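No lab work stands behind these numbers, since they all come straight from the coordinates. All values reported here derive from a predicted model rather than from experimental measurement. Positions of Cβ are backbone-derived with ideal geometry, glycine not excepted, and every protein chain shown enters the neighbour counts.
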Amino acid sequence: MLKTRKTARELADMITAQLGVGGLAIGVRKDHAYGWQPLVEYSPGNQLGFQRRADEIADRLREQYDLKE
């Protein structure tokens, strides 16, 4: 199954939108094990909690999207 390729910014925006919290800064980086990985760079509260939620969302998004290099 071919996956749609998205830029790091597009993937980060999708994760941010699904989290639905203002004031978050999320980046996406290439990862050899998973293809790509989100990184919560700034959050208004518990950064570790937001990272865990971002990772869960990324797990679902990876089924449809690859990182465009």
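Things worth noting here:
- Of the criteria (1) touching a residue at least 40 places away in the same chain (Cβ under 8 Å); (2) surrounded by fewer than 17 Cβ atoms within 10 Å (Cβ to Cβ); (3) touching a helix residue (DSSP H, G or I) at 6+ places or on another chain (Cβ under 9 Å), which one Y65 fails: (2)
- Single unsatisfied condition, Y34 versus (1) within 10 Å of the chain's Cα centre (by Cα); (2) touching a residue at least 12 places away in the same chain (Cβ under 8 Å); (3) within 17 Å of K68 (Cβ to Cβ): (1)
- The listed residues are A25, A54, and the only one of them that is surrounded by 14 or more Cβ atoms within 10 Å (Cβ to Cβ) and of a type outside the set (V, I, T) turns out to be A54.
- When the strands (runs of 3 or more DSSP E) confined to the chain are screened for residues that are among the charged types (D, E, K, R) and touching a strand residue (DSSP E or B) at 6+ places or on another chain (Cβ under 9 Å), those reaching at least 3 such residues are found at 25-31.
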